[in-house]
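For reference, the structure is listed below as structure tokens.
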Amino acid sequence: MTSHGAPHFFALPDREDAGAVARRLQAAAPGLRVLHHPSGRPWIIGAWADEDIAVARAGTDAVALIGMLPRRTDELPRWTGRLRGRAGRLEALSAAIPGSFHVVGSVGGTLYVQGTAYGMRRVHHTVVNGCPVAGDRAVALAELAGAEIDLTSVALRLPEPLAVQLPPRPMWHGVTDVAPGFALLATGEGTPPRHVRWHTPPAPERSSAEGAADVREALAAAVAVRTQRDGLLSADLSGGMDSTSLCAFAAGQLGAGELIVGGIPGDESISDDAHYARLAAAHWPHVEHVELTPEQTPLFYRGILDDGCRTDIPAGVAMSRDRATAVISLMAERGSRLHMTGHGGDHLFFQTGAYCHDLITRRPLLAWQRVRGYRTLYGWRWRPVLRQLADRRSYRRAVAGIDLSTPGDLGFCTPQLAWIAPPVVQPWLTPECRDLVTAGLREAASQAEPYAPTLGRHRELSALYSGTQECAAIAEAGRRAGVPVTMPYFDDAVVDAALSVRPEDRTDPWQFKPVLKEAVRGVLPEECRARATKFEGTVDAVGGLYRHRDEVRSLWEDSDLAKAGLIDAGALARLTETPGTPALKDGAVDSTIICEAWLRAVA
């Protein structure tokens, strides 16, 4: 119930029966910190660092901010003093303060819990002995409530890439997820909690120049929140534009001995990442730059047997945990207090062309030019491109039309211009698993609503919402490796600035991240800003599957998925003996590894 050492919190409504839940939590973990409602009843219980919380009180109202906060939060007391018992006034608070944090209010007896707009920090809730309990970690709430895992949710995550294209579904029975952009309101006894929208993504109407100025301002402020923290800051420096831009902002804000940057050089015969990382680092003589040696660099699939990383969803970091945290582990040894990564840059500034489905009705000539560009870039065939562009079904009809017998393809050569990509249904999935997937699809089709009216914006938001969940799991793996991890690109202000730009101006097959490139003009060294290449690391993944096939095969010897009746462990063990088999191409086994590792950690 204490989330096994990870920072976390539970939020309780201002009612009598919450006291029993609070006493249970404190008995299980006597060191938990406690904040109280103005009434004196327990309000927030959990584990957090002093610098990760700010609290203000005014009469019968109290507000707490929990997460990545600036050093000063002078606005908070003023906001709290203006609430006067009206919880709705909290909705605009996060826009007034940079960073990434939860807003938890006790306002006139009402509990208000809000995460970030795009899901990097989420809110979940359950019921314990009749009392609603909210929190930031679904896995901790599930443990508190004794909730059972929803096997249909697990089954839907096995065919790739099915689950991320469907309406979100919690991983536990009885634990409810609050959607990004919504907040939880819990009032008096007998009234169930409700979800209220507090944030709507901006309309994509701004020009590239306007958007670049806003992105620059938001990124500078987001990085400043991190550089204001005490102790040594570390950061990824891969050589790519995303991480290098963050390092450039941080280097301009910090002095000698306050920042250390580093990365994995990789195979320099096929990747120029390390070259650009060194070019950038040479511009910051006061910043220490370190690189992992080949001997220090794990391949993909090493460390998949670590059962201790408990996350809210089965997350991709499971199949590359050691590699994903290799730089973080090195930074922990060097004394870093906080590690910054460039995750999120691709979500905001790089697309595979889905916006062309919308663009063709507004600017058909430009849409065709862009489609030809993406077709050249990714090797798309014309027939599926034309079929997808002509498909004008609704999202709900597209979900209802998913056919598990249609072969899917995980490669880049498959166009990405439709609501739904046909999933890869792996041969080791059992008939029972397929039945659960079919039932889950029927349920999803009955409630499917897009995140936006247009296909391109829906897919963009869907990728953001699933991406922030994946990155929250990476942050948990990083914490276990020794350093808290932070991702400024997912701060609300940065995402809003990027999404306000017209998609055809923000992404272009013939230009690499044009809005970000303009935003960091004069901040990023010019030779790095002009870079037009991007290394894609699937070669490392293939090598890892060969190198660590014994480790992968051992997963199936006592498989939790097999015990649940979802996979044929024997068939999968035989396939793992020959990693080059077509059945395992393009990472088809990854979702099974991910779900197996997750079940072992949380079951």
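Percent of Cα pairs in the stretch 3-197 per distance bin of 10 Å, from zero to the largest separation: 9, 37, 37, 15, 3, 0. Compactness check for the stretch 419-543: Cα Rg over 2.2 N^0.38 Å is 1.41.
Annotation note: GluC sites (Glu not before Pro) in the stretch 1-85 located in DSSP loop regions with a Cβ neighbour count of at most 16 within 10 Å are 16. Assign one of three labels to the stretch 143-205, namely rounded, prolate or oblate, based on the Cα gyration tensor with a ≥ b ≥ c the square roots of its eigenvalues; rounded applies when a/c is under 1.5, prolate when it is not and a/b is larger than b/c, and oblate otherwise. Oblate, because a/c is 1.5 or more while a/b does not exceed b/c.
With the cut-off at 1.5 for a/c, could you classify the stretch 395-453 from its C-alpha gyration tensor as rounded, prolate or oblate? It comes out oblate by the Cα gyration axes. As an exercise, identify the GluC sites (Glu not before Pro) in the stretch 129-225 lying in DSSP coil whose Cβ has no more than 15 other Cβ atoms within 10 Å. Sites meeting the loop and neighbour criteria: 148, 189, 205. Lys/Arg Cβ at +1, Asp/Glu Cβ at -1, dipole of the chain taken about the Cα centre: which of 99, 68, 418 is farthest positive-ward? The one lying farthest along the dipole's positive direction is 418.
Based on other C-beta atoms within 10 Å, arrange 198, 48 from fewest to most.
Least to most surrounded, the residues fall as 48, 198.
Sparsely packed loop sites in the stretch 242-304 (the GluC sites (Glu not before Pro) outside DSSP H, G, I, E and B with at most 12 other Cβ atoms within 10 Å) comprise 268. Kirkwood-type hydrodynamic radius, the stretch 217-321: 15.4 Å, calculated from all non-identical alpha-carbon pairs. Max-minus-min Cα coordinates of the chain on each principal axis give 64, 58, 53 Å, with the largest extent listed first.
Between the C-alpha center of the stretch 22-41 and that of the stretch 401-430 there is a gap of 48 Å.
Plugging the Kirkwood radius over Cα pairs into Stokes-Einstein for the stretch 293-381, at a temperature of 37 °C and a viscosity of 0.692 mPa s, what D comes out in µm²/s? In µm²/s, the coefficient rounds to 194. Distance between the C-alpha centres of the stretch 273-314 and the stretch 542-561: 23 Å, rounded to the whole angstrom.
Straight-line cross-link partners of residue 563 among the aspartates and glutamates, defined as a Cα under 14 Å from its Cα and at least 8 positions apart when in the same chain: 432, 596.
Since every read-out is calculated from the coordinates, none of them should be taken as a lab result. Just so we're clear, the structure is a prediction, and the values are computed from it rather than from any experiment. Backbone-built Cβ (ideal geometry, glycine too); neighbour counts: all protein chains shown.
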